[in-house]
Amino acid sequence: MCLLLLSDLTFAQPATRQLRLQEVIEMAQEQSAVARQVETTRETSYWQWRSFKAGYKPQLSIEGILPDFRRTINPVTQPDGTLEFKPVSNNYSEVGLTLEQVISPTGGSIFVTSLMQRFDDFERTQTRYNGNPAIIGFEQPLFAYNRLRWERRIEPLRYEESQRQYLEDREKIAVTATTLYFDLLLAQVNQDIAAKNLANNDTLYQVAQEKYKLGRLSKNDLLQLRLAVLNAGLAQAQATLDAQTALLALQTYVGLRDSLQLQLQVPEDIPSADVQAAIALSEAYKNRKENLNFQRRLLEAESGVAKAKGDNGFNASVYATFGLTNRGENWRDIYQQPENQQGVQIGFNMPLLDWGRQRANYKVAALDRKLVQHTVAQEEASFEQAVITQVNQYNMLKNRIKATAEADAIAQERYDIAKSIYLIGRISITDLGIALTEKDQARRAYIASLSEFWEAYYNLRQLTLFDFEKQEVLTMKEAE
């Protein structure tokens with residue numbers, strides 16, 4: 001019977017899963033809702049890049065009109081100049097195949113087209129064909145803003161920037177997961193402290209009752225111990241609630257759907273290497289998106305100036321075609337001894353009076369460029385400051401862990417000694433309470449120092465995209 005009762009109690013307890021900090025971070029980066037958002041954003045950037053590259057490759061298209069049927073009465077001018085209204089019933093069809101290639105250095109394009117047209121006159125029972133077996137054409141803007149050339153310089157930077165943004169977002173997930181990990185770990189430590197304090201205070205209270213009966217303890221000290229037991233019970237209840245809340249927050253963020261209780265391990269194995277500010281700053285400029293972002297924004301500002309200059313001055317374009325054309329009563333006639341066809345067109349546009357609009361547009365674009373230059377310079381300085389500050393904080397927190405760990409061990413040993421001395425009546429309950437408070441504070445301070453260190457560690461990784469423990473750059477391959 002006892003075995004059955006023990007078995008029932010065992011199954012009634014929720015299963016517990018041991019987790020380390022790195023395991024929680026990996027789960028958050030793989031299965032959390034934020035990770036899926038980051039992955040979707042990355043895929044969007046990839047297909048935008050694919051779309052951009054496809055625009056510079058040959059484009060094959062077919063277009064036409066099938067059919068354009070009309071049955072109506074139209075005015076028709078007669079040979080003698082009079083007007084007669086005649087019934088019209090016809091159909092017009094057209095289909096063309098075009099291969100086009102843009103020329104990014106010049107902003108123009110070349111194309112090859114094959115066109116076939118058919119006209120059916122149902123009133124006269126006639127069918128006629130007209131077509132161009134092949135036409136080679138060229139279109140080139142002159143003195144205009146070349147969008148293709150600027151995009152070819154800007155879009156690769158934008159795509160590479162999005163790839164580095166993906167790595168930064170993953171490290172940001174690591175920072176958030178670390179914060180939630182230590183929130184739960186500290187709550188579990190507080191829960192453990194509260195349970196131990198309740199047990200210790202209860203034991204001391206039981207001993208104090210015996211001393212009180214023997215007249216060896218004052219009523220005041222007994223009541224103080226009883227109050228400590230009550231406070232310890234309240235602290236345990238609050239610590240349990242805090243642990244449940246922190247557990248739910250971590251599970252929700254990481255994406256854990258099971259009902260397992262998590263027991264977190266204290267990550268005491270910290271990286272041994274110190275970080276030099278100069279190295280961190282160099283890696284940040286090489287790896288982060290900021291350097292690319294600065295370049296892209298400056299290029300976009302230059303592009304705006306070029307557009308304001310090109311769109312408001314003398315604009316001209318050349319359009320030229322050379323090909324073959326023919327007509328006939330049968331579509332095969334189009335391809336029998338076709339005739340040459342040429343065409344050249346030069347168009348231009350030059351404003352003569354615009355009341356200073358051209359100059360104003362150019363001035364606005366030039367001032368926007370200057371503003372971007374100043375903004376980028378300020379952001380660059382702020383970025384350097386953020387990296388250096390984070391390095392200093394990392395090194396300081398790393399050195400502080402040793403002191404807080406020693407303080408935690410000393411405070412625990414001091415409390416054990418104080419408890420033993422109190423039991424033989426050589427110190428007061430006040431001194432024991434002080435030792436207890438210092439023990440709890442030292443333990444919490446040690447966990448807090450670990451929390452601040454690991455958050456600083458992953459913040460530094462995010463700012464530099466560099467793993468200082470392995471001494472290697474974070475790459476897309478590692479992220480995948």
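The values are calculated or read from the model by the stated rules, or taken from the named source; none is laboratory data. Model, not experiment: these values are computed from the prediction. Neighbour counts run over all protein chains shown; Cβ positions are idealised from the backbone, glycine included. Just the protein is used for accessible areas: all its heavy atoms, side chains included, with ligands, DNA and RNA removed. Shrake-Rupley method; radii C 1.70, N 1.55, O 1.52, S 1.80 Å.
Each Cα pair under 8 Å and six or more residues apart adds its separation to the average, and for region 358-480 the resulting relative contact order is 28 percent. In straight-distance terms, cross-link reach from K286 covers every one of the lysines whose alpha-carbon lies under 30 Å from its own, apart from those fewer than eight places away in the same chain; here that gives K53, K172, K370, K398, K470, K477.
What fraction of the Cα pairs in region 125-263, stated in percent, has a spacing above 24 angstrom? It works out to 67 percent of all Cα pairs. Within region 166-230, the trypsin sites (Lys or Arg not before Pro) that combine a DSSP coil assignment with at most 14 other C-beta atoms in a 10 angstrom radius are R216.
In a DSSP loop and with at most 16 other Cβ atoms within 10 Å, the GluC sites (Glu not before Pro) in region 76-166 are E123. Note that region 1-141 carries a Kirkwood radius of 23.5 Å, evaluated over its alpha carbons pair by pair. A compact globular protein would have a Cα radius of gyration near 2.2 N^0.38 Å; the ratio found for the chain is 1.74. Placing unit charges on each Cβ (+1 for Lys and Arg, -1 for Asp and Glu) gives the chain a dipole about its Cα centre, and among I401, T125, V473 the Cα reaching farthest toward its positive end belongs to I401. Distance from the alpha carbon centroid of region 271-304 to that of region 133-173 works out to 21 angstrom.
Once the C-beta distance of Q378 and E302 is scaled by a Förster radius of 25 Å, the resulting FRET efficiency is 0.85 to the nearest 0.05. What percent does the relative contact order of region 254-365 come to when contacts are Cα pairs within less than 8 Å and at least six residues apart? Computed over region 254-365, the figure is 25 percent.
Projected onto their three principal axes, the Cα atoms of region 74-190 cover extents of 108, 38, 27 Å, largest first.
Using label points projected 7 Å from each Cα along Cα→Cβ, tell me how many nm separate N330 and Q59, to one decimal. Modelled inter-label distance: 3.8 nm.
Pair-distance distribution P(r) for region 222-282, from all Cα-Cα distances in 5 Å bins starting at 0: 4, 12, 12, 11, 10, 10, 12, 12, 8, 4, 3, 1, 0 percent. Post the alpha-carbon centroid distance, region 319-396 to region 236-262, in whole angstrom. Centre-to-centre (Cα) distance: 55 Å. DSSP bridge analysis restricted to the chain gives an antiparallel fraction near 95%, rounded to the nearest 5.
Computed from the alpha carbon positions, the gyration tensor of region 77-146 leads to an equivalent ellipsoid with semi-axes of 40, 18, 9 Å, biggest first.
The share of Cα pairs per 10 Å bin across region 340-480, counted from zero up to the longest distance, runs 9, 17, 16, 14, 12, 11, 7, 5, 4, 3, 1, 0 percent.
A 1.4 Å probe run over the chain, with the rest of the protein chains in place, finds 60 Å² accessible per residue. Taking the Kirkwood radius as the inverse of the mean 1/r across Cα pairs, report the Rg/Rh of region 171-234. Radius of gyration over Kirkwood radius for region 171-234 works out to 1.35. Its Cα gyration tensor gives region 326-375 an equivalent ellipsoid. The semi-axes, each the square root of 5 times an eigenvalue, are 55, 17, 8 Å from largest down. Dividing the summed helix terms, -39500 (n - 2.57) for each DSSP H run of n ≥ 4, by the number of residues in the chain produces a 222 nm estimate of -21500 deg cm²/dmol to the nearest 500.
Within region 394-480, the trypsin sites (Lys or Arg not before Pro) that combine a DSSP coil assignment with at most 12 other C-beta atoms in a 10 angstrom radius are R426, K470.
When region 373-480 is described by a simple charge dipole with +1 on each Lys and Arg Cβ and -1 on each Asp and Glu Cβ, the residue from H374, A386, Y422 located farthest towards its positive end is Y422. What a 1.4 Å probe finds exposed on the chain is 55% carbon and sulfur by accessible area, rounded to a whole percent.
For the chain, averaging the sequence separation of C-alpha pairs within contact (under 8 Å, six or more residues apart) and dividing by the residue count gives a relative contact order of 19 percent. Inverting the pair-averaged 1/r between distinct Cα atoms of region 271-350 gives 19.4 Å as its Kirkwood hydrodynamic radius. Placing R0 at 60 angstrom, the Cβ-Cβ distance between T41 and E413 gives a FRET efficiency of 0.70 after rounding to 0.05.
Between Y92 and T125, the distance separating the two model label sites (each 7 Å from Cα on the Cα→Cβ line) works out to 2.5 nm.
Simple point charges give the picture: +1 on the Cβ of Lys and Arg, -1 on the Cβ of Asp and Glu, and for the chain a dipole about the Cα centre of about 680 debye.
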